[in-house]
1. Let me spell it out: the conditions are (1) under 18 Å from the mean Cα position of the chain (by Cα); (2) at pLDDT 95 or above; (3) of a type in the set (S, T, N, Q), and Asn226 meets all of them except one. Which number is the exception?
2. Working only within the stretch 1-45, note down all residues that are farther than 23 Å from Ala124 by Cα and either in a helix (DSSP H, G or I) or among the hydrophobic types (A, V, I, L, M, F, W, C) (or both).
3. With respect to the numbered conditions (1) in contact with a helix residue (DSSP H, G or I) (Cβ under 7 Å, 6 or more places away or on another chain); (2) assigned to a loop (DSSP other than H, G, I, E, B); (3) crowded, with 18+ Cβ neighbours inside 10 Å, which one is the sole condition not fulfilled by Trp145?
4. Of the conditions (1) touching a residue at least 60 places away in the same chain (Cβ under 8 Å); (2) crowded, with 18+ Cβ neighbours inside 10 Å, Asp27 clears all except one; give me its number.
5. Might you check whether a residue that is touching a helix residue (DSSP H, G or I) at 6+ places or on another chain (Cβ under 7 Å), closer than 16 Å to Ser4 by Cα and not basic (Lys, Arg) occurs anywhere in the stretch 124-131?
6. From the residues in the stretch 51-70 that are in contact with a helix residue (DSSP H, G or I) (Cβ under 9 Å, 6 or more places away or on another chain) and part of a helix (DSSP H, G or I), which one is surrounded by the fewest Cβ atoms within 10 Å (Cβ to Cβ)?
7. Name the pairs whose Cβ atoms lie under 7 Å apart, with the first residue in the stretch 223-248 and under 18 Å from Gly139 (Cα atoms), the second at pLDDT 85 or above and among the acidic types (Asp, Glu), and 6 or more positions between them or separate chains?
8. When you go through Val160, Val119 one by one, which is the residue that is among the β-branched types (Val, Ile, Thr) and surrounded by 15 or more Cβ atoms within 10 Å (Cβ to Cβ)?
Amino acid sequence: MKVSIITACLNNADTLESAIQSVCEQDYADIEYIVIDGDSTDGTKALLEKYKSKITVLISEKDKGIYEALNKGLSKATGDIVGFLHADDFYAGKTSVSKIAKAFETENIDCTYSDLQYVDRDNATKIIRNWKSEPYTDGMFLKGWMPPHPTFFLKRKWYVQYGNYNPSFSISADYELMLRMLHKHKLKAKYIPEVLVKMRTGGSSNRTLARRIKANMEDRKAWKINGLRPGPLTLLVKPLGKIGQYFN
């Protein structure tokens with residue numbers, strides 16, 4: 001089973017190398033690694049040149065943002081399943097991808113997700129947030145739940161059938177896509193109860209209060225464009241539910 005891993009980057013020379021190395025160190029053999037660079041100017045291109053022999057597909061050109069870049073990666077992917085490792089992220093261990101692939105190989109599922117740890121940007125051993133998820137049941141999105149997007153792996157055929165990321169979103173296209181796949185189209189998900197991905201703090205959706213407000217507005221839009229109706233408290237409890245991750 002081929003696994004496509006897509007990394008989108010733009011001026012991430014300070015963190016990208018650990019992301020690339022964590023892919024290269026995986027013990028799973030059948031990995032297709034795709035990197036989409038938005039025409040970086042900070043030294044990222046030199047770093048990508050260093051690892052060019054380890055990257056299956058490398059594109060460096062201007063784009064309109066991360067979701068266009070991820071869609072560009074999806075257009076190049078040929079794997080049976082697809083996951084995304086952002087430039088600030090890295091796999092928690094060398095067996096992360098093999099554990100994901102095993103779940104697909106042994107069970108009748110459409111996607112997997114796992115737990116996620118946020119770590120300090122400059123000290124990756126320092127845990128800031130611990131996002132412990134749980135098995136998915138229908139209706140959980142109505143309660144403000146969502147899986148950690150960097151841990152989400154989906155069969156590529158569902159992107160073909162139900163569509164890629166919606167580029168009209170600037171922050172919450174990942175939420176909209178998972179809402180569409182799991183809540184609307186009822187795809188079968190498998191939860192792997194361990195930390196497989198670590199993510200550095202400083203993500204764009206939570207960087208400022210203004211960005212958090214915009215993300216909430218886009219979450220509302222995600223339900224509307226899919227012809228779905230959230231619960232009366234869905235969009236309120238979604239951000240509030242993350243508070244416990246700092247104490248977990």
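1. Here Asn226 meets the rest and fails (1).
2. Answer for the stretch 1-45, where residues must be farther than 23 Å from Ala124 by Cα and either in a helix (DSSP H, G or I) or among the hydrophobic types (A, V, I, L, M, F, W, C) (or both): Met1, Val3, Ala29, Ile31, Ile34, Ile36, Lys45.
3. (1)
4. The one condition Asp27 does not meet is (2).
5. no
6. Ranking the qualifying residues of the stretch 51-70, first place goes to Lys54.
7. Note: pairs meeting the criteria are Leu235/Asp219; Lys238/Asp219.
8. Val119
The values are calculated or read from the model by the stated rules, or taken from the named source; none is laboratory data. Nothing here was measured: the structure is a model prediction, and the numbers come from that model. In this analysis, Cβ positions are derived from the backbone assuming ideal geometry, glycine residues included, and neighbour counts consider all displayed protein chains.
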